[in-house]
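First the structure, in the form of structure tokens, and then the observations on it.
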Amino acid sequence: MCGLLGLLTADRDAPDRVDAVGAAMTCARHRGPDETGTWHDADVAFGFNRLAIIDIDHSHQPLHYAGGRYTIVFNGEVYNYLELRAELAAEFGAEFATDGDTEAVVAAYHHWGPDAVRRLRGMFAFLIWDSEERVLFGARDPFGIKPLFVASGPAGVAFGSEKKSLLELGPVLGLSGAGGVAADIDVTALQHYVTLQYVPEPATLHRSVRRVESGSHVTVRPGGEVEQERYFTPVLTADGPTGAPLHHRIADVLRGSVAKHMRADVTVGAFLSGGVDSTAIAVLAKEHNPDLVTFTTGFEREGFSEVDVASETAAAIGVKHVVRTVSPGEMMDVLPLIVWYLDDPVADPALVPLWFIAREARNHVKVVLSGEGADELFGGYTIYHEPISLAPFEKVPGFLRRLLGRASTRLPEGTRGKDLLRRGAIPLEQRYYGNARIFRDDQLAGVLRRYDPRRSHTDVTEAHYAASRDWDPVARMQHVDLFTWLRGDILVKADKMTMANSLELRVPFLDPEVFEIARHLPRSEKVSNGTTKYALRRAMEGIVPGHVINRRKLGFPVPIRHWLRDEMYDWARDIIRDSQADHLVDLGAVQRLLDAHRAGPVDHSRRVWTLLVFLLWHGIFVEDRIHPVVPEPVFPVRL
């Protein structure tokens, strides 16, 4: 788990390119404080910050292979690296100078070419420079667990684990135009952010920086264009059987995934909330580490903490458990720093307690397992019941459904049933755009100065609905979430908040073999009998303690609804008052939303929070007015 940077220049005489890469790596030091390495030739300059997890004393990067023909920088972990090394040795006589996974990846590329990425079981983003063919090859894992940003300019192209590193390279790439790279805001991406609470791939809020998409690889030559190709598309067929045999297969494949995710030369712990996902991972991890340590976080407010349930679970499964409680004052203090780590705004309040528990965990372990991905693969969100609850509307003639939709607009905000009528009147492709729905399209004009009515959330989801046209409605919703919510919110906050604290997070549910089982689940094995993740819950019977198996998912809930009315009100008002983003966001409208939320009864907390996070982001990355103090990545381990 590390931070990489690669610069391919079109001009071999570009001044200071090597020094620029070294300087830009300081923005990503938290991703890999153990070692820093650089390398360059006439066309390429690589930089690398290492968090040493496997083959600690070797596998230094940038790493060379095949007599120096290839040079690789690799972020992530490939859990089947031992099997790959054995296969490459048996088939090709491959020899290795290290005992790690990085060399296995570059050897696989040498012998299998771009198809090597299909054989990798893990999370990764990497760059390989072929000095003979003079071509740069890069790839990102199937689900987008690890980030990879790209910026292209007249003088070349750069890839990095941190967008802020690429912003530093703007002048080297020839991107320092009027106002600089930082001021070049993508207003369409901003509109999507205000709708979704994250910026959907492949965009970022900086027009000149994009993301290599999940499940894709890229190729570029000096002076050429970046060519991207998708090698993995998650297809949910929902054509599998039901019943006990399927449940046994889920348990077996998840146990196998956890076993591989435990491979490390350092101590591995686990995050533990009160739900079945993280509990299943912790129980299976304990089979490999009897001294497993688990971690959870919460708040001193009733109904907004899973600390008690997680502690009960930890006692039931026999693991040491560490709790970190977060106060509203701590949240206010740390939020600007968190936004700096994020690169782009993500308005999920849960990332704040995640930062705190990651920081606490790093004092005990260097790697944690977590349950991300289970909801998207196994049908864990309550909203997936919606096709069932809205089924009666499908029998209503179209003109009557439209009348019901228009009638819903006349009901006061907050009226019970208003949103049900509105959503029942419109088709799935228009009403569902992922788990986060902050501002509807018809509300955007009231807050965005540069609102474009020609743009809509359907721009983000249209292709995914088209690809799943003949699928079951629940599978279509999962498909949308895999491409939007999972890789835009869930995995971003997981990667950014743990790597901010030099902690590696591994997600055993997001494994190719686990997905291969999950993709065949019929609807009845996902949302059934009034519950979610039906097949997974049945698979975990006898493994997960009984008080957890059917418990409703909470995750790390954050009481911002209450705090923005009380403890956080003045803090929020000051952020709005001091912002210089009024040309993009109507600051008066934001203040009115905050005041309306304080007065009640309508809850505007998520809308206010989304706008506050953007204003902080703008103050850091555009105005250069807010300067969070970034702590040194030093973590004394508590034995």
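Coordinate-derived values only; no laboratory data. All values reported here derive from a predicted model rather than from experimental measurement. Every residue, glycine as well, gets a Cβ built from its backbone with ideal geometry; the counts of neighbours run over all protein chains shown.
Rounded to the nearest 500, what is the 222 nm mean residue ellipticity of the chain from helices alone, with -39500 (n - 2.57) per DSSP H run of 4+ residues and division by all residues?
Numbers: 28 runs with 250 residues, N = 639.
That comes out to -11000 deg cm²/dmol.
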*List the residues whose amide H sits under 5 Å from the amide H of R324, counting only those 5 or more places along or on another chain, with H placed 1.01 Å from N in the peptide plane.*
T296, T297, G298
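Checking the a/c ratio against 1.5 first, then a/b against b/c, what shape does the Cα gyration tensor give for the stretch 337-379? Show your work: numbers first, answer last.
On the way: a/c = 2.43, a/b = 1.11, b/c = 2.20.
Oblate is the answer for the stretch 337-379, as a/c is 1.5 or above yet b/c matches or exceeds a/b.
For the stretch 560-621, what does the alpha-carbon gyration tensor say about shape, rounded, prolate or oblate, given a ≥ b ≥ c as the root eigenvalues, a/c under 1.5 as rounded, and a/b over b/c as prolate?
Prolate is the answer for the stretch 560-621, as a/c is 1.5 or above and a/b outweighs b/c.
Note down the relative contact order for the stretch 2-230 as a percent, whole number, built from C-alpha pairs under 8 angstrom at least six residues apart. It would help to have the intermediate numbers written out before the result.
On the way: 486 pairs, mean separation 47.3, N = 229.
Relative contact order of the stretch 2-230: 21 percent.
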*Label point distance in nm, D624-D16, each placed 7 Å from Cα along Cα→Cβ*: 1.3
*For the residue pair I426 and T237, what label-to-label distance in nm results when each label sits 7 Å from Cα along the Cα-to-beta-carbon direction?*
3.4
*Alpha carbon centre of the stretch 564-626 versus the stretch 512-545: separation in Å?*
40
_Under 16 Å from a point placed 7 Å out from the Cα of V266 along the Cα-to-Cβ direction: which residues of the stretch 473-509 have their backbone N that close?_
495-507
*For I53, distant residues with modelled amide H under 5 Å away*: none
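Compute, for the stretch 2-230, the length of the dipole vector about the Cα centre, with Cβ point charges of +1 (Lys, Arg) and -1 (Asp, Glu) only. Units Debye, rounded to 20. Before the final figure, lay out the partial values.
Values: 20 positive and 32 negative charges, 141 e Å.
The calculated dipole for the stretch 2-230 is roughly 680 debye.
Report the full-extension gain for the segment R592 to R577: residue separation times 0.36 nm, less the Cα-Cα distance, to one decimal in nm.
Working: separation 15, 0.36 × 15 = 5.40 nm, distance 1.22 nm.
Gain on stretching R592 to R577: 4.2 nm.
How high is the FRET efficiency from T325 to D55, r the C-beta distance, R0 41 Å, rounded to 0.05?
Working: r = 37 Å, r/R0 = 0.91.
Efficiency for this residue pair is about 0.65.
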*For the stretch 236-243, what does the Karplus curve 6.51 cos²θ - 1.76 cosθ + 1.60, with θ = phi - 60°, yield as ³J(HN,Hα) per residue in whole Hz, taken in order and with x for Gly and Pro?*
9, 7, 6, 10, x, x, 10, x
*asked:* Take D452 and E132, extend 7 Å from each Cα along the Cα→Cβ direction, and tell me the distance between the two endpoints in nm.
replied: 4.6
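Could you tell me the calculated FRET efficiency between E632 and S524, based on Cβ-Cβ distance and R0 = 41 angstrom, to the nearest 0.05?
After rounding, the FRET efficiency stands at 0.20.
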*Measure out, as a whole number of angstrom, how far apart the alpha-carbon centroids of the stretch 1-57 and the stretch 235-313 sit.*
35
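What order, most packed first, do the peptides 358-371, 137-150, 430-443 have when packing is the mean number of other Cβ atoms within 10 Å of each residue? Let's see the in-between values first.
On the way: 358-371: 22.7, 137-150: 25.4, 430-443: 18.2.
For the peptides 358-371, 137-150, 430-443, the packing ranking is 137-150, 358-371, 430-443.
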*Have a look at L190, W112, W39 and report the one farthest towards the positive end of the charge dipole of the stretch 2-230, computed about the Cα centre with Cβ charges (Lys/Arg +1, Asp/Glu -1).*
L190
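Once you keep just the Cα pairs under 8 angstrom separated by 6 or more residues, what percentage relative contact order results for the chain?
Details: 1204 pairs, mean separation 104.2, N = 639.
Over the chain, the number comes to 16 percent.
So how many Lys-Lys pairs in the chain land under 14 Å Cα to Cα, not counting same-chain pairs under 8 apart?
So the count of such lysine pairs works out to 8.
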_Cβ charges +1 (Lys, Arg) and -1 (Asp, Glu), total dipole of the stretch 201-320, debye_ = 380
*Across the stretch 273-279, in residue order, what do the Karplus-derived ³J(HN,Hα) couplings come to in whole Hz, using 6.51 cos²θ - 1.76 cosθ + 1.60 with θ = phi - 60° and x for Gly and Pro?*
9, x, x, 5, 5, 5, 5
*Answer with one residue from N49, T242, W129: the one whose Cα lies farthest towards the positive end of the charge dipole of the chain, charges on Cβ with Lys, Arg +1 and Asp, Glu -1.*
T242
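Would you work out the charge dipole size for the chain about its Cα centre, treating the Cβ of every Lys and Arg as +1 and the Cβ of every Asp and Glu as -1, and quote it to the nearest 20 debye? Before the final figure, lay out the partial values.
Numbers: 72 positive and 85 negative charges, 514 e Å.
About 2460 debye.
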*Can you list the residues, at least 5 places off or on another chain, whose amide H is less than 5 Å from the amide H of G156, using H built in the peptide plane?*
A10
*Using a/c under 1.5 as the rounded threshold, could you call the stretch 530-581 rounded, prolate or oblate? The axes a ≥ b ≥ c are square roots of the C-alpha gyration tensor eigenvalues, and prolate needs a/b larger than b/c, oblate otherwise.*
prolate
*asked:* Taking 0.36 nm per residue of sequence separation and subtracting the Cα-Cα distance, how much length would be gained by fully extending the chain between F96 and A391, in nm to one decimal?
replied: 100.4 nm
*Taking only C-alpha pairs under 8 Å that are 6+ residues apart, what is the relative contact order of the stretch 1-90 in percent?*
31
_Residue among N501, S528, F159 farthest towards the positive dipole end of the chain, charges placed on Cβ_ = S528
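Which FRET efficiency, nearest 0.05, do T26 and V187 yield, Cβ-Cβ r, R0 25 Å?
On the way: r = 30 Å, r/R0 = 1.21.
E(calc), rounded to 0.05, equals 0.25.
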*Report ³J(HN,Hα) in whole Hz for each residue of the stretch 478-491, in order, from the Karplus equation J = 6.51 cos²θ - 1.76 cosθ + 1.60 where θ = phi - 60°; Gly and Pro get x.*
4, 4, 4, 5, 4, 8, 10, 4, 4, 7, x, 10, 4, 6
